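Below is one structure, written out as C-alpha cells, with a few remarks after it.
The values are calculated or read from the model by the stated rules, or taken from the named source; none is laboratory data. Source: prediction; values computed, not measured. Cβ coordinates were reconstructed from backbone atoms using ideal geometry, including for glycine residues, and neighbour counts include every protein chain displayed. All accessible areas refer to the heavy atoms of the entire protein, side chains included, with ligands and DNA or RNA removed. Shrake-Rupley method; radii C 1.70, N 1.55, O 1.52, S 1.80 Å.
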Amino acid sequence: KSKHIPMADNFVKCYIKKRNLILELLAVEIEFLVVWYNPGSRPELQVPLEGNIAAWRAKTTTDKQWQDYTRLAWDISPVLAVYLPVRLKNVDAIINEVRHQVLQKPIAVAHVPEALQYLATTDCILTDNPKLVHTLTWAKVSPVQALSYFSRQFPPHPITAQYAIKVLRSYPPDAVLLYIPQLVQALRHDTMGYLVEYIKYIAKISQVV
C-alpha cells in the first residue's frame, strides 16, 4: 500500500501542473477575445468572467513554477514551449528554460523559425557552441531577421552568415527589394564577404536590383 501512495501523489502533482498550464493559456486566450469583443471597456459589454480571469492572471507565480510549466509544455509539445514566452508575459524564467531546452534538443524545433532566437544567441555565437551548427538546417526566417545576423545585434560568425545568405537566396528578388536599405546597411558588418557575394548574385538575376 505504501508503494502506491507516492505514485498517487506524483499523479496528482502532474495533474495539477497540467491543469495550471492549461488555465494560464486559457486565461490569455480569453483576455484576447474580451479585448476584441469590448475594446472600449464599455460596462454594458463586460464579460462576467473578466474578474476571475484578472484574478488568475494577477496571482503570484514563482520562477520555479514558471520553469516547471515550461518543462511540462516542452514534454507535451516543444512547439508549445517555444511560444510560451509570447503568451505568458515574456517571463525571464520561461525564456531561460526554453533556451535551455532548445540547446539540448534543437532538432525538435528546427522546423519552427521563431525557435532560432533561442539557439543563435550572442552567447552561443561568441562561445562557438557546437550546437550552433544546427542553424544551417533551420527553417527560414524573415529577410529582416536574416539580415540581423549582419548587424551589431550579433557578432560575425560563418555559420550564421551562411544561414542568412541561404535564407535570402530562398526569397525572390522582388521580396528582397523591400529591404534594400537594410541590405546596404548590413554591408558594414559583412566582415567575411558573404553579403557582397549575395548582392552580386541577386544583381545578376534581377535588373531592378
Select from P106, N38, Y201 the residue farthest towards the positive end of the dipole of the chain; place +1 on Cβ of Lys and Arg, -1 on Cβ of Asp and Glu, and compute about the Cα centre.
P106
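Could you give the dipole magnitude of region 74-209 about its Cα centre, charging the beta-carbon of Lys and Arg +1 and that of Asp and Glu -1, in debye to the nearest 20? Numbers along the way, then the final one.
On the way: 12 positive and 9 negative charges, 49 e Å.
Computed about the Cα centre, the dipole is about 240 debye.
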Separation between the Q65 and D92 pseudo-spin-labels, each 7 Å from Cα along Cα→Cβ, expressed in nm?
1.9 nm
Measure out, as a whole number of angstrom, how far apart the alpha-carbon centroids of region 5-83 and region 141-191 sit.
37 Å
In the chain, what is the count of Lys pairs whose alpha carbons are under 21 Å apart, counting only pairs at least 8 residues apart or on separate chains?
19
Assuming R0 = 35 Å, what is the FRET efficiency of L33 and I180, from their Cβ-Cβ distance, to the nearest 0.05?
0.30
Nearest 10 degrees is fine. How inclined is helix 194-205 to the longest principal axis of the chain, computing both from alpha carbons?
70 degrees
Probe 1.4 Å, accessible area per residue of region 143-189, Å²:
52 Å²
Phi-based couplings in Hz for region 161-176 (Karplus 6.51, -1.76, 1.60; Gly and Pro marked x)
5, 5, 4, 4, 5, 4, 5, 4, 5, 6, 9, x, x, 4, 6, 6
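On the accessible surface of region 54-162, probed at 1.4 Å, how many percent belong to carbon and sulfur atoms?
55 percent
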Under a point-charge model restricted to the Cβ atoms of Lys and Arg (+1) and Asp and Glu (-1), what is the dipole moment magnitude of region 119-186 relative to its Cα centre, in debye to the nearest 20?
100 debye
Compute the acute angle (0 to 90°) between the alpha-carbon long axis of helix 63-76 and the principal axis of greatest extent of the alpha-carbon atoms of the chain; round to the nearest 10°.
70 degrees
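For M192 and S77, what does the FRET efficiency come to when R0 = 30 Å and r is the distance between their Cβ atoms, rounded to the nearest 0.05?
0.20
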Compute the helix-to-body angle for 4-37: its Cα long axis versus the longest principal axis of the chain, expressed 0 to 90° and rounded to tens.
60 degrees
